[in-house]
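Below is one structure, written out as structure tokens; the observations come after it.
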Amino acid sequence: MKLDRALLKKILYIMIILVMAPFALEIVLLADVVGAEFAALFAIYYLKSIAYLVYERWLEAKRKMVSICTLLAGVYLFKPRIMLPHFAASSLLLLLTSSLLLSCLMWLPPIYLSSGPLS
């Protein structure tokens, strides 16, 4: 059996259909009705719309992360004059006592002040 260009194309189309079959059953039905070539083109078009959808969700998640970071930048806890001394003190306390609970207790006052009951 000789592998010529037409046979290789058909094998490629069938492989594309087999890969897409678990995710989009309509492609298998389409291949049965109109042929593997058209079904492969439909699969590429189908993947294009999914790629756009994923890209839009990525942009939305990116926008949300930027807005969250902007909100957190204004919080009392993340100001450098508050965060650096507390980070140094909790790290030193963790190093000296090996108690994560005790070192985390250093963060309670700034967290309480960041929550807004006194501001």
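In table form, for the structure just shown:
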quantity: Residue under evaluation residue 21, criteria (1) over 20 Å from residue 7 (Cα atoms); (2) touching a residue at least 12 places away in the same chain (Cβ under 8 Å); (3) aliphatic (A, V, I, L, M), criterion not met; calculated: (2)
quantity: Within the stretch 58-81, tally of residues that are of a type in the set (A, V, I, L, M, F, W, C), surrounded by 10 or more Cβ atoms within 10 Å (Cβ to Cβ) and either outside any helix (DSSP H, G or I) or at pLDDT below 85 (or both); calculated: 4
quantity: Residue in the stretch 37-45 that is within 24 Å of residue 115 (Cα to Cα) and open to solvent by 80 Å² or more (accessible area, probe 1.4 Å) present; calculated: no
quantity: Sole exception among (1) closer than 30 Å to residue 110 by Cβ; (2) touching a helix residue (DSSP H, G or I) at 6+ places or on another chain (Cβ under 9 Å) for residue 65, by number; calculated: (2)
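The values are calculated or read from the model by the stated rules, or taken from the named source; none is laboratory data. It should be emphasised that the depicted structure is a prediction, and the values quoted were computed from it without experimental measurement. Quick reminder, even Gly has a Cβ in these numbers, built from the backbone with ideal geometry, and neighbours come from all protein chains shown. Ligands, DNA and RNA are stripped out before the accessible areas are found, and what is left, the full protein with its side chains, is counted by its heavy atoms. Shrake-Rupley method; radii C 1.70, N 1.55, O 1.52, S 1.80 Å.
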